[in-house]
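J.: This is the structure I want to talk about, given as structure tokens.
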Amino acid sequence: GSSVGQMLAFRTPVQGSAGYVAMERVTATLAGRQGGFTLQHTGLMTRGMPELRVVVVPDSGSDGLLGLAGTLEITISEGRHAYRLLYSLPDPQ
């Protein structure tokens, strides 16, 4: 799939503390079904300790992805990002 998004971030004067929010529209094929959905990102860094939550915005699925629900896990290892979408889709009608 592919996506486009908008992010807003703020870094505090304290080393390693910051926050960001983002909205991202994704177009993808999941389980053989094509469509789009929106992800909402909320990230915090408290003196180097990260907290991140990325969720599918309820009822944002379109076309073949109507009813999509889930979360996105982002893992960073050796400077590389890996993404894993945990999702559920209702049975096709």
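J.: Select from the stretch 1-30 the residues that are open to solvent by less than 80 Å² (accessible area, probe 1.4 Å) and of a type in the set (A, V, I, L, M) and write down the one among them that is farthest from residue 88 (Cα to Cα).
T.: Looking at residues that are open to solvent by less than 80 Å² (accessible area, probe 1.4 Å) and of a type in the set (A, V, I, L, M), I get 14.
Condition check ((1) under 15 Å from residue 3 (Cβ atoms); (2) of a type in the set (D, E, K, R); (3) touching a strand residue (DSSP E or B) at 6+ places or on another chain (Cβ under 8 Å)) across all residues:
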site: 25; (1), (2), (3): yes, yes, yes
site: 30; (1), (2), (3): yes, no, yes
site: 34; (1), (2), (3): yes, no, yes
site: 69; (1), (2), (3): no, no, yes
site: 73; (1), (2), (3): no, yes, yes
site: 79; (1), (2), (3): no, no, no
site: 82; (1), (2), (3): no, no, yes
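J.: Could you list all residues from the stretch 64-93 that are more than 18 Å from residue 40 (Cα to Cα) and open to solvent by 70 Å² or more (accessible area, probe 1.4 Å)?
T.: Residues satisfying the conditions are 76, 77, 78, 80, 91, 92, 93.
J.: Restricting the search to the stretch 33-48, which residues are touching a residue at least 24 places away in the same chain (Cβ under 8 Å) and exposed (fewer than 15 other Cβ atoms within 10 Å of the Cβ)?
T.: Selection gives 34, 44, 46, 47, 48.
J.: Something else about it: Working carefully through the options 40, 15, 6, find the one that is in a loop (DSSP other than H, G, I, E, B), modelled with pLDDT of 95 or more and out of contact with any Pro (no Cβ under 9 Å at 6 or more places or on another chain).
T.: Criteria check complete, one pass: 15.
The values are calculated or read from the model by the stated rules, or taken from the named source; none is laboratory data. Computed from a prediction, not measured in an experiment: that's the story for all the values here. All Cβ positions, glycine included, derive from the backbone under ideal geometry; neighbour counts span all protein chains shown. Ligands, DNA and RNA are stripped out before the accessible areas are found, and what is left, the full protein with its side chains, is counted by its heavy atoms. Shrake-Rupley method; radii C 1.70, N 1.55, O 1.52, S 1.80 Å.
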